[in-house]
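Taken together, the values in this text are just the output of simple stated rules run on the coordinates, not laboratory data. The model shown is predicted, which means the values in this text are computed figures rather than measured ones. Heads up, the Cβs are rebuilt from the backbone with ideal geometry, glycines too, and the neighbour counts pull from every protein chain shown.
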Amino acid sequence: MIPDKVKVAGIEYRVQEVEDMDRQFDHLGLILYTKGVIKLDKNLSQDRKEQVFIHELLHGCFYEAGIEEQDEDIINRVSIVLYQVLKDNNLHFGKIETS
């Protein structure tokens, strides 16, 4: 499940699903550090959208840790493995809200 917002080092990022992200930006996702926004392509499958969310979230973690120059290949490799570990082991932390 992708949240509407996520905090990284005390900074809140709003998560938005955007139409035609791939055509507009040539990306499946995008993080805007100064605006506190993570954008995801709305047309992706749920699994791919979650994987892209973890990728952009990892960019945010690195940025908020002071690592502004990031190796896209490293971010990509680590985010794919992190997504798999979280998903396959049903890992989550904190309170699960039920309606």
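What net charge is computed for the residues neighbouring residue 87, neighbours being all others with C-beta under 9 Å from the C-beta of residue 87, Lys and Arg scored +1, Asp and Glu -1?
Around residue 87, the surrounding residues sum to -3.
At most 11 other Cβ atoms within 10 Å plus a DSSP loop assignment makes a site exposed; report the longest stretch of the chain without any exposed GluC sites (Glu not before Pro).
For GluC sites (Glu not before Pro) (loop position, at most 11 other Cβ atoms within 10 Å), the longest site-free span of the chain is 20-67.
Quick one: what are the phi-derived ³J(HN,Hα) couplings along the stretch 2-12, Karplus 6.51/-1.76/1.60 with θ = phi - 60°, whole Hz, x for glycine and proline?
In residue order, the calculated couplings are 9, x, 6, 8, 8, 9, 10, 6, x, 9, 8 Hz.
Grab the beta carbon distance between residue 87 and residue 35, set R0 = 25 Å, and tell me the FRET efficiency rounded to 0.05.
0.35
In whole percent, what relative contact order does the chain give with Cα contacts below 8 Å and a gap of six or more residues?
Reported relative contact order: 21 percent.
So what is the calculated 222 nm ellipticity per residue for the chain, using -39500 (n - 2.57) for each DSSP H run with n of 4 or more, over all residues, to the nearest 500 deg cm²/dmol?
The per-residue figure over the chain is -13500 deg cm²/dmol.
Given points 7 Å out from each Cα along the Cα-Cβ axis, report the residue 69 to residue 20 separation in nanometres with one decimal.
Going by the 7 Å Cα→Cβ label model, 3.7 nm.
Among the DSSP beta bridges whose two residues both lie in the stretch 5-88, what percent are antiparallel, rounded to the nearest 5?
Around 60 percent of the beta bridges assigned by DSSP in the stretch 5-88 are antiparallel ones.
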